[in-house]
Amino acid sequence: MDAKKYWVGFNHVKGIGSVRFQRLLDLFSSAEEAWNAPEPELRMSRIGEKALLNLLKFRSANDVDKIYDDILAKGIEVVTVEDKEYPENLRKINNAPPVLYIKGKLVEEDGRSIAVVGTRKMTAYGRNVVKELGEIAARNNVTLVSGLARGIDSQAHRSVLNAGGRTLAVLGSGVDVIYPPENVQLSQAVIENGALISDYAPGTQPEGINFPPRNRIISGLSLATIVVEAGLRSGALITASFAADQGRDVFAVPGSIYAPQSQGTNKLIFDGAYPLIAFKDIFEILDLENIQYQSKIQKEVPSDETELLILKMLQKESMQIDDLQAICGLPVERISSTLMFLELKGYVKNIGNMTYSAIGEVEQEYN
């Protein structure tokens, strides 16, 4: 039995978002227990009368097993915030969406993502900037995130795909409902070289109220958000606002004071966003060069049993080199060199006084 079906069930109930769903999880031991709970117990969760009535009505009228099986039959992957496949950048934001629906494939390297967003009415200037951003992202193994909308968003996806890179498209509809319709072919290319992502249930139509909330996912997936062109009322400014609230960097491309497409970006710069006047600024501010180097060395330097042994020890507690040497029984030179490689790879860090701590979980096993 896949417990994700209960997460999907709650995701289909109107009025139960991340905050109310968390209240249910706080009261019950699991989504399954919450789904099967009697009405008096559900009232104790304080999700509100309207949401409660919606839940009771939906639960009695629908078969959650069928809903879940139908989603999987469409080739859609369901990832919950409790799954290790859930994007780490997104997991860190407040009220992260409990459930994501995915067509395509997420990979670990997508943690090095930048969002590129902007107006639907882009100019030749905006198109040229986005084209170069896509090429730079692909060349540096940085995933480009956008919203598949007309204009800047679509150009962003196309640019990075044409350059052989990866891209993620976050939709304001179900991942099986492509909007705008002329982007059906583009969406397939995204699936083959990245993923379509939505926290809206499959079948959800692209209503206007869906798009502002989805922008928090675009920024949440990304280390930074770049606004290329945007009017003063552009949805791209909402994405930038989410990024700032999430503690992520915001870049804006400066433009002519006479161009309506640059009024929003110029205002962002006035309000404190980084002016994107040189593409190298992105890498310097986000330290992407170091991140890229760590990724490269992880692939080029082979791991061995000594690395695994030390990593597992440091997973339990931080340790000094002398303590590691005493427990492992290996020459201190080998301990030191192994720690050096692990630090270059980004697996451990020196926290002072020759004491090391592990970063993340050990997933690789050796025979």
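Odds and ends about this structure:
Residue by residue, here is whether (1) without any contact (Cβ under 8 Å) to a residue 40 or more places away in the chain; (2) farther than 14 Å from residue 93 by Cβ holds:
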| site | (1), (2) |
| --- | --- |
| 183 | yes, yes |
| 194 | no, yes |
| 214 | no, no |
| 225 | no, no |
| 228 | no, yes |
| 231 | no, yes |
| 243 | no, no |
| 249 | yes, yes |
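- Selection within the stretch 260-271 - touching a residue at least 24 places away in the same chain (Cβ under 8 Å) and either farther than 11 Å from residue 226 by Cβ or among the polar types (S, T, N, Q) (or both): 260, 261, 262, 263, 264, 265, 267
- Residue within the stretch 113-120 that is closer than 20 Å to residue 262 by Cβ, surrounded by fewer than 24 Cβ atoms within 10 Å (Cβ to Cβ) and in the same structural domain as residue 184 (by TED's automatic domain parsing) present: yes
- Looking across the stretch 42-76 at every residue that is within 17 Å of residue 201 (Cα to Cα) and of a type in the set (S, T, N, Q), the one that is surrounded by the fewest Cβ atoms within 10 Å (Cβ to Cβ) is identified as 62.
- Helices (runs of 4 or more DSSP H) (entirely within the stretch 1-96) containing at least 2 residues that are within 23 Å of the chain's Cα centre (by Cα): 4-11, 18-27, 64-73, 88-91
- Summed over the stretch 106-125, residues that are in contact (Cβ under 8 Å) with a residue 40 or more places away in the chain and touching a Lys or Arg at 6+ places or on another chain (Cβ under 8 Å) total 3.
- Enumeration of residues in the stretch 97-107 that are closer than 24 Å to residue 165 by Cα and not in a loop (DSSP other than H, G, I, E, B): 100, 101, 102, 103, 104
- Within the stretch 2-14, residues that are more than 13 Å from residue 81 (Cβ to Cβ) and in contact (Cβ under 8 Å) with a residue 40 or more places away in the chain have Cβ atoms under 6 Å from residues that are among the β-branched types (Val, Ile, Thr) and part of a helix (DSSP H, G or I) in these pairs: 5/64; 9/64, counting only partners at least 6 apart in sequence or on another chain.
- Residue in the stretch 3-11 that is aliphatic (A, V, I, L, M), outside the structural domain of residue 165 (by TED's automatic domain parsing), within 26 Å of residue 241 (Cα to Cα) and at pLDDT 95 or above present: no
The values are calculated or read from the model by the stated rules, or taken from the named source; none is laboratory data. Nothing here was measured: the structure is a model prediction, and the numbers come from that model. Using ideal geometry, Cβ is built from the backbone for each residue, glycine included, and neighbour counts are taken over all protein chains shown.
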